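Chemist: Here it is: the structure, laid out below.
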Amino acid sequence: MNKKQAELLSQIQGLVRTYFEANGEEEFMPGKTPVRLMTPSYSWQEVNQAVQSLLTTQITLNQSDGNKVEQFEQAWSEYVGTRHGVMVNSGSSANLLALFALANPTIPNRIKPGDEVITPVVTWHTTVSPILCIGAVPVLVDVRMEDFTIDVDAIEAAVTPKTRAIMPVHLLGNPCAMDRIMEIAKNHNLYVIEDVCEAHGSEYEGRRCGSIGDIGTFSFFFSHHITTMEGGMVMTSNEEISELLRIMRSQGVIRNTKGREALEDYYRSQPEYADIDERYLFANIGFNLRPTELNGGFGIEQVKKIDSVLERRRENGSFWVKRLRRYEDLFHLPADQETGRAWFCFPLVIKPGGPFSRRELTDYLNECGVETRPIMAGNVSAQPALKHFPYRVTSVNNAEVIHKYGFFWGNHQGLGPQHREYVADCVDKFVARYR
């Protein structure tokens, strides 16, 4: 970049900042302003990162002097508490890459076709799909009603000689009981893959979720606590696994590995590989799951905002739990848990046999401008996709209730005191019809 280009870039970035600052905060008008499930969490800082990458043409992971992806990987690893982070293009890809890494022949005690992986029956579909993709069998177990996390007693009951891994999901920002999960894994020599795609910043007994198991996965989709537009990351403190993740992320080549020079020396020392151009040396199977430098730039700025985002979500969640406690005869409310949780949304489950249906309540809230949606994929064993593949399911009593009677509304940094008061008022007015 020459001097003139640098001056122009500075001017453009200044205008971007002015544009965002001129936007101002939208005035909330109850009944007219929608209460969204999600809202943009980025501002001029992230856009200027993207502008800089685009104008300098430093946009890909393989051809970038600044390497924003690597900077974000380092920052997020430090935040979560792992030695390594490998960014990919989505949280679904993070789960896919994690499972394929643990099924790779280079990994000791790998997951083999026909082996079983225990995971909750209430989750997002791309928690289960990667298990099937590696030829393993998902074993779907029930969840706890109070926080939607996997029932640890059900895990223990589901273990068989074929079990190779446990994949707990910190659903809706709620940390699973990781002490017992890790104890079960140790006793049966199992891998633990934490799906933390909805739980950024959540903690269990002082450790951030995603740093406790062998691997943790995150999503940075638009609706999550922090966003890179699209994006995800696989976390681990295992050096061997991290290098394999980097190779498989980028089509199987070695050029994005941390130990690239040592790998090049090794393969050059092997006569059968000595004449292969090291830039195109394929050391393992691979995908193209790479993020762009635009995604990395977003992440650099977003990680700086995570604490304030979590604070607002916790304020909202705590308010709604306290305000709606009067309706415990009608709803299963989230547990009153002040620490550890990283609220993804605010879930409600209507108790069966009540005076109104989920559809009646959600239709009313939608009419009030409060957006709602079901709790993830609900009971995934009831979804049509699984009928094509082998799986095993244990008790789904709570999952069935959540599937039929559960929903949530948004809880994010774009909602403040006026929004949360209004949503609670809407619930009050609806319930009053039945009192």
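Chemist: If I take R0 = 45 Å and measure r between the Cβ atoms of Gln5 and Lys186 in this structure, what FRET efficiency does the formula 1/(1 + (r/R0)^6) give, to the nearest 0.05?
Modeler: Calculated transfer efficiency: 0.20.
Chemist: Per 0.36 nm of contour for each residue apart, how much would the distance between Gln418 and Arg279 grow if the chain were fully extended, relative to their Cα-Cα spacing?
Modeler: Gain in length upon complete extension: 44.5 nm.
Chemist: Apply the Karplus parameterisation 6.51 cos²θ - 1.76 cosθ + 1.60, with θ equal to phi minus 60°, to every residue of the stretch 387-392 and state each ³J(HN,Hα) to the nearest whole Hz, in sequence, with x for glycine and proline.
Modeler: 5, 8, 9, x, 7, 10
Chemist: Here's another thing I want to ask about it. Restricting to the chain, what percent of DSSP beta bridges are antiparallel, rounded to 5?
Modeler: Expressed as a percentage, antiparallel bridges in the chain total about 60.
Chemist: Need one word for the stretch 51-303: rounded, prolate or oblate. Basis is the Cα gyration tensor (sqrt eigenvalues a ≥ b ≥ c); a/c below 1.5 gives rounded, then a/b vs b/c decides.
Modeler: Here the stretch 51-303 falls in the oblate category.
Chemist: If you filter the stretch 218-264 for chymotrypsin sites (Phe, Trp or Tyr not before Pro), then keep DSSP loop positions with at most 15 other Cβ within 10 Å, what is left?
Modeler: Answer by residue number: Phe222.
Chemist: Rg/Rh for the stretch 161-293: what does it come to with C-alpha atoms and Rh from Kirkwood?
Modeler: 1.06
Chemist: Which value does Rg/Rh take for the stretch 238-295 over its C-alpha atoms, Rh per Kirkwood?
Modeler: Rg divided by Rh gives 1.00.
Chemist: Still on this structure: Can you give the convex hull volume per residue for the Cα atoms of the stretch 17-91, as a whole number of Å³?
Modeler: Spread over its residues, the Cα hull of the stretch 17-91 gives 152 Å³ apiece.
Chemist: How do Thr227, Thr33 rank when sorted from fewest to most other Cβ atoms within 10 Å of their own Cβ?
Modeler: Thr33, Thr227
Chemist: When only alpha-carbon atoms are used, what values of Rg and Dmax, in angstrom, describe the chain?
Modeler: Rg and Dmax of the chain, Cα atoms, are 23.2, 82 Å.
Chemist: Moving to a separate point now. Using each residue's phi in the stretch 176-191, evaluate 6.51 cos²θ - 1.76 cosθ + 1.60 at θ = phi - 60° and report the 3J(HN,Hα) Karplus result to the nearest Hz, with x for Gly and Pro.
Modeler: 6, 6, 6, 5, 6, 4, 5, 5, 4, 4, 5, 5, 10, 6, 10, 6
Chemist: How far apart, in nanometres, would the label points at Lys112 and Tyr266 be if each is projected 7 angstrom from Cα along the Cα-to-Cβ direction?
Modeler: Inter-label distance under the simple model: 2.3 nm.
Chemist: Calculate the length of the line joining the C-alpha centroid of the stretch 194-272 to that of the stretch 33-91, in whole Å.
Modeler: Here the two parts' Cα centres lie 15 Å apart.
Chemist: Hey, in the GNM for the chain with a 10 angstrom Cα cutoff, which one of Pro352, Pro105, Pro271 fluctuates hardest?
Modeler: Judging by the Gaussian network model, the answer is Pro271.
Chemist: Moving on. For the stretch 317-435, compute Rg over Rh where Rg is the Cα radius of gyration and Rh is the Kirkwood radius from the inverse mean 1/r over Cα pairs.
Modeler: Rounded to two decimals, Rg over Rh is 1.00.
Chemist: What is the extension gain from Leu54 to Glu371, computed as 0.36 nm multiplied by their sequence separation minus the C-alpha to C-alpha distance, in nm to one decimal?
Modeler: Between Leu54 and Glu371, full extension yields 110.6 nm more.
Chemist: Rounded to whole Hz and in sequence order, give me ³J(HN,Hα) for the stretch 407-413 from the Karplus expression 6.51 cos²θ - 1.76 cosθ + 1.60, θ = phi - 60°, writing x for Gly and Pro.
Modeler: Karplus-based 3J(HN,Hα) across the stretch 407-413 equals 7, 8, 10, x, 9, 8, 5 Hz.
Chemist: Report the local net charge at Gly85: Lys and Arg +1, Asp and Glu -1, summed over other residues whose C-beta lies under 10 Å from its C-beta.
Modeler: With Lys, Arg at +1 and Asp, Glu at -1, the neighbours total -2.
Chemist: Here's another thing I want to ask about it. Of the options Thr292, Val427, His224, report the single residue whose Cα projects farthest towards the positive end of the charge dipole of the chain (beta-carbon charges: Lys, Arg +1; Asp, Glu -1).
Modeler: Val427
Chemist: Based on the alpha-carbon gyration tensor of the stretch 20-144 and its eigenvalue square roots a ≥ b ≥ c, which shape applies: rounded if a/c is under 1.5, prolate if not and a/b is larger than b/c, or oblate?
Modeler: Cα axes put the stretch 20-144 in the oblate bin.
Chemist: In debye to the nearest 20, how big a dipole does the chain give about its Cα centre with +1 on each Lys and Arg Cβ and -1 on each Asp and Glu Cβ?
Modeler: Around 740 debye, computed over the chain.
Chemist: Once you've got the GNM for the chain with C-alpha springs shorter than 10 Å, pick whichever of Asp142, Asp307, Asp214 has the biggest mean-square fluctuation.
Modeler: Per the Cα network of the chain with a 10 Å cutoff, Asp307 tops the list.
Chemist: Looking at the chain, which longest stretch skips every one of the GluC sites (Glu not before Pro) that is in a DSSP loop with at most 16 other Cβ atoms within 10 Å, leaving the sites themselves out?
Modeler: Between the exposed loop sites, the longest stretch runs 28-145.
Chemist: Still on this structure, I have one more. DSSP loop (so not H, G, I, E, B), at most 13 other Cβ within 10 Å: list which trypsin sites (Lys or Arg not before Pro) in the stretch 231-273 pass both filters.
Modeler: Sparse-neighbourhood loop trypsin sites (Lys or Arg not before Pro): Lys258.
Chemist: Still on this model: Calculate the dipole size of the stretch 51-303 relative to its Cα centre from +1 charges on Lys and Arg beta carbons and -1 charges on Asp and Glu beta carbons; express the result in debye to the nearest 20.
Modeler: Computed about the Cα centre, the dipole is about 380 debye.
Chemist: Projected onto the charge dipole of the stretch 305-432 (+1 at Lys/Arg Cβ, -1 at Asp/Glu Cβ, origin at the Cα centre), which of Ile375, Gly353, Tyr327 gives the Cα projection farthest towards the positive end?
Modeler: Towards the positive end, the residue furthest out is Ile375.
Chemist: In a GNM of the chain with a 10 Å cut-off on Cα contacts, which of Ile181, Ile215, Ile285 has the highest mean-square fluctuation?
Modeler: In the Gaussian network model the winner is Ile285.
Chemist: Using amide H atoms built in the peptide plane, which far-off residues or other-chain residues are under 5 Å from Arg208 H to H?
Modeler: none
Chemist: While we're here: What is the stretch 169-245 by shape, rounded, prolate or oblate, if you read a ≥ b ≥ c off the alpha carbon gyration tensor as root eigenvalues and call it rounded for a/c under 1.5, prolate for a/b larger than b/c, and oblate otherwise?
Modeler: Since a/c reaches 1.5 but b/c is at least a/b, the shape of the stretch 169-245 is classed as oblate.
Each value in this text was obtained by applying a stated rule to the coordinates, not by laboratory testing. Note that the coordinates shown come from a computational prediction; the quantities given were computed from them, not determined experimentally. All Cβ positions, glycine included, derive from the backbone under ideal geometry; neighbour counts span all protein chains shown.
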